[in-house]
1. Residues in the stretch 244-263 that are more than 23 Å from PRO169 (Cα to Cα) and surrounded by fewer than 24 Cβ atoms within 10 Å (Cβ to Cβ): how many?
2. Of all the residues that make up the stretch 275-289, how many are surrounded by fewer than 18 Cβ atoms within 10 Å (Cβ to Cβ) and at negative phi?
3. Listed residues GLU190, GLU216, GLU238; which is touching a helix residue (DSSP H, G or I) at 6+ places or on another chain (Cβ under 9 Å) and open to solvent by 40 Å² or more (accessible area, probe 1.4 Å)?
4. List pairs: first residue in the stretch 299-328 and open to solvent by less than 10 Å² (accessible area, probe 1.4 Å), second residue outside any helix (DSSP H, G or I) and hydroxyl-bearing (Ser, Thr, Tyr) anywhere in the structure, Cβ distance under 7 angstrom, at least six positions apart or on different chains.
5. Please determine, by comparing only the residues of the stretch 379-409 that are small (Gly, Ala, Ser) and buried (at least 16 other Cβ atoms within 10 Å of the Cβ), which one is farthest from ASN355 (Cα to Cα).
6. Which residues, taken from the stretch 342-378, are under 22 Å from SER176 (Cβ atoms) and open to solvent by 40 Å² or more (accessible area, probe 1.4 Å)?
7. Does ARG278 qualify as being basic (Lys, Arg), closer than 19 Å to TRP366 by Cβ and modelled with pLDDT of 95 or more?
8. Mind checking which residues of the stretch 149-207 are under 16 Å from ASN543 (Cβ atoms) and basic (Lys, Arg)?
Amino acid sequence: MTSGEAHTKPQLLFNFSTNAMKPQHHIGIHRRHLLAGAMAGGLLAGRSLHAQSWLPNGSVGHQPDGCILCQAMGRSDVVDQPTWRPSAYADSQLVAQVDARVAPQRPRTRTSRGVWVVQPSWVLVASEGGFNVLQDHDVIIKADQIEAVRPRRPTSDPKVNAQGQMLFPGFISGHSHAAAGTLTRGWIEENPRLVPGPSRSYFPAMALIDTLSDEELDDLTALNVAEMVRSGCTTQVEMSLSTRQMKSYVRVATKYGLRGYASGMVPGMTRLGPIWNRNPGQLNVLEEADKGTLAEIADNLAYSLSINGSADGRIFAMMGPSVTPVFTATSFKALRDAAQQLGTGIHLHIQSGGNPKYVKLQQEQWGMREMEIIRAQGLLDQRLFGAHCIGLEDLAKDLPIMANPNFTYVHCPSAGGAGQSASSQPYPEALAAGVNTSIGFDTHSNDFVENLKLATIGGRARARMLQSTSPVKLKEPTVWDAIQASTLGGAKGLGRKDLGRLEAGAKADLCTVDVSSLLVGNGASPREPWNNLMYANGLSVRNVMVDGDWKVRDGALTFADESRLKERGGRAAKVIWDKLDRDGFFVKMPR
């Protein structure tokens, strides 16, 4: 905390009625800047528009009402009072600063760093043993860090009006496959789970992703990553489905100025199926595949070392073993050694117990349960993100292993598609056992707020259904558990004390969520706004900042044109759909 920014006694908001919402504090433009702004607008108007693509580079978006300041003057939030102090930096960045506050829909990158005062109705801050909610406090951003959280007071610095909104640390997703979400969404949800019938596995589509051109792959990745950020996720712990897809994720995240811990799944999607789906008694298939797996590990490590800590420290690399049944002791050791070189940890699916065939493969090879294999192979000697944990064979014995301080359990409540694996993951058990927990996207839903809600809703259903028969304790999850897992849990798993919290010295990663609008709020100021989060979704996120740069303003992306993202990402997905269609993949589903 800088001098002069010491906290006064905070006004805590817990279970009591709040005051009526304050009048809005508008983002304003002082009239003395209009001349300079008009000159800048004229220069912009005289420029030819760059051809837009999935990653615009300095392109000028269409302004239907003329230059950006002419359009701004038609808005009701322009006031005749100064809201920022002129400086050499501000003068040189005039157009970018105005655009950041008035026309957030125009694509651009890294133009908004500086001093910002975010003024929400409520601020979520971490405290010892939990969280506090502060009312009528400002969060002061300077460059890429939070400078202070202080009671509201007059300021001439640039302000972000977030009245009716709750300010959260940027959400951290503990598990994602960035190129696959929009590709597989909308045609897998009817797959039957209780009785045999027509089914559409998403695996064939995912296996075809690497047949796309680099441009198509980047378009598909860009659309999915943009959705994640739009819903308030500022850090992705990403397991791309191959090293090639990992490179695409890194290209996109670097260009957009995002934060990610990337890994390329080993074996990649094109090799995984035959090894994983071998029959018991076919250890020779595994052993013959190990040479290719070791080569993938080497390729992945070489690339990972080249980008680890890049993009001003926003991009790091991890090792991403796919599933335990496809590794030998030799390839596990190579993975462990590679991860130690990177120093960032391992990212693994833990789900073999959900299929009796895979359980047989593990017993045949190791004579152990999955969590025992993970411990015996030394994967817990460093940070480990373990996704799903479906079908653990003995929760009473496995949960103490998961409680290892190096382990983070990643609960993905929308895994497998909406409703496909509802309440199948041991989230209430992990919470009761004190396991560090994160929430992740997995594949199909890139809406982080929705996943936060599903974790709570599905977790409560699981706890209630199993409480009388479970061999272990279950905790009935609350929204506070989901908030913890979405922020501090992921940060702890990454070993980052500067992420997942709003406090002086932390990274300026944050998002605001409108908890007062129609269908979410109460008309009056919410009594307990954190509970209104349970009625929100990703479109309720109004502003997102990553590393001091605005990525979403007033609900609009600032780093890319949304319509172009959808057009190009959709075109890439259709390339794969058309291939599947020609093969007769899309069987008719019963109604």
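The values are calculated or read from the model by the stated rules, or taken from the named source; none is laboratory data. All of these numbers come straight from a predicted model, not from anything done at the bench. For neighbour counting, all protein chains shown are included, and Cβ atoms are generated from backbone atoms with ideal geometry for every residue, glycine included. These area figures cover heavy atoms from the full protein model, side chains too; ligands, DNA and RNA do not enter into them. Shrake-Rupley method; radii C 1.70, N 1.55, O 1.52, S 1.80 Å.
1. Of the residues in that region, 3 qualify.
2. Filtering the stretch 275-289 down to residues surrounded by fewer than 18 Cβ atoms within 10 Å (Cβ to Cβ) leaves 277, 279-285, 287-288.
The next check asks that each one be at negative phi; those that pass are 277, 279-280, 282-285, 287-288.
The number of residues fulfilling the criteria is 9.
3. Values: GLU190 fails: touching a helix residue (DSSP H, G or I) at 6+ places or on another chain (Cβ under 9 Å); GLU238 fails: open to solvent by 40 Å² or more (accessible area, probe 1.4 Å).
None of the other options fit; the residue is GLU216.
4. Pairs that qualify, where the first residue is open to solvent by less than 10 Å² (accessible area, probe 1.4 Å) and the partner is outside any helix (DSSP H, G or I) and hydroxyl-bearing (Ser, Thr, Tyr), are ALA317/SER263; ALA317/THR344; MET318/TYR261; MET318/SER263; MET318/THR344; MET319/SER263; GLY320/SER263.
5. Pass one, the stretch 379-409, residues small (Gly, Ala, Ser): 386-387, 391, 396, 403.
Retained after the next criterion (residues that are buried (at least 16 other Cβ atoms within 10 Å of the Cβ)): 386-387, 391.
Working: GLY386: 17, ALA387: 16, GLY391: 8 Å.
Among those residues, the one meeting the criterion is GLY386.
6. Filtering the stretch 342-378 for residues under 22 Å from SER176 (Cβ atoms) gives 342-352, 354, 370, 374.
GLY343, GLN351, GLY354, listed by residue number.
7. Numbers: basic (Lys, Arg): yes; closer than 19 Å to TRP366 by Cβ: yes; modelled with pLDDT of 95 or more: yes.
So ARG278 passes the test.
8. LYS159 - this is the single residue of the stretch 149-207 that is under 16 Å from ASN543 (Cβ atoms) and basic (Lys, Arg).
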